[in-house]
Amino acid sequence: MVLLSVNSLLLAFIHAFYSGGVPWDMAAFTMLGVLWGGRLGPFLAQWISPRATKKVFAVIALLDGLVITLQAGYVMFFK
């Protein structure tokens, strides 16, 4: 969780310094997703096993890290 937060902050700083700012139109959807996920998570945890939840979260975290790394590489090397 900490690494995911650090990667998200790193991407925000890269956007702020190289692209002229954080794209707030996309950040608004991210904020809505956080709020919706925060409400949905405890509801789904009643029916899904902790092991399956950890596996799903691990896959999502890895994909998120990959996307952030690719975006950061694109911004740093191609812009």
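The values are calculated or read from the model by the stated rules, or taken from the named source; none is laboratory data. This structure is a prediction, so every number in the text was calculated from the model and none was measured. FYI the Cβ positions are ideal-geometry reconstructions off the backbone, even for glycines, and counts take in every protein chain you see.
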### Message
Under 9 Å between Cβ atoms, which residue pairs at least 6 apart in sequence (or on different chains) link something in segment 9-22 that is touching a residue at least 24 places away in the same chain (Cβ under 8 Å) with a partner that is part of a loop (DSSP other than H, G, I, E, B) and surrounded by 11 or more Cβ atoms within 10 Å (Cβ to Cβ)?
### Response
15/22; 15/23
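Any chance segment 19-26 includes a residue that's in contact with a Lys or Arg (Cβ under 9 Å, 6 or more places away or on another chain) and among the polar types (S, T, N, Q)?
Residues of segment 19-26 that are in contact with a Lys or Arg (Cβ under 9 Å, 6 or more places away or on another chain), as a first pass: 19.
Filter again for among the polar types (S, T, N, Q), leaving 19.
Yes, segment 19-26 contains a residue that is in contact with a Lys or Arg (Cβ under 9 Å, 6 or more places away or on another chain) and among the polar types (S, T, N, Q).
Wholly within the chain, which helices (runs of 4 or more DSSP H) include no fewer than the required count, namely at least 2 residues that are loosely packed, with under 11 Cβ neighbours inside 10 Å and at pLDDT 90 or above?
On the way: elements: 2-18, 24-45, 50-78.
Counting at least 2 such residues, we get 24-45, 50-78.
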#### Entry: Long-range neighbours under 9 Å by Cβ, at least six apart or interchain, first residue closer than 22 Å to residue 12 by Cα within segment 50-67, second part of a helix (DSSP H, G or I) and hydroxyl-bearing (Ser, Thr, Tyr)
64/8
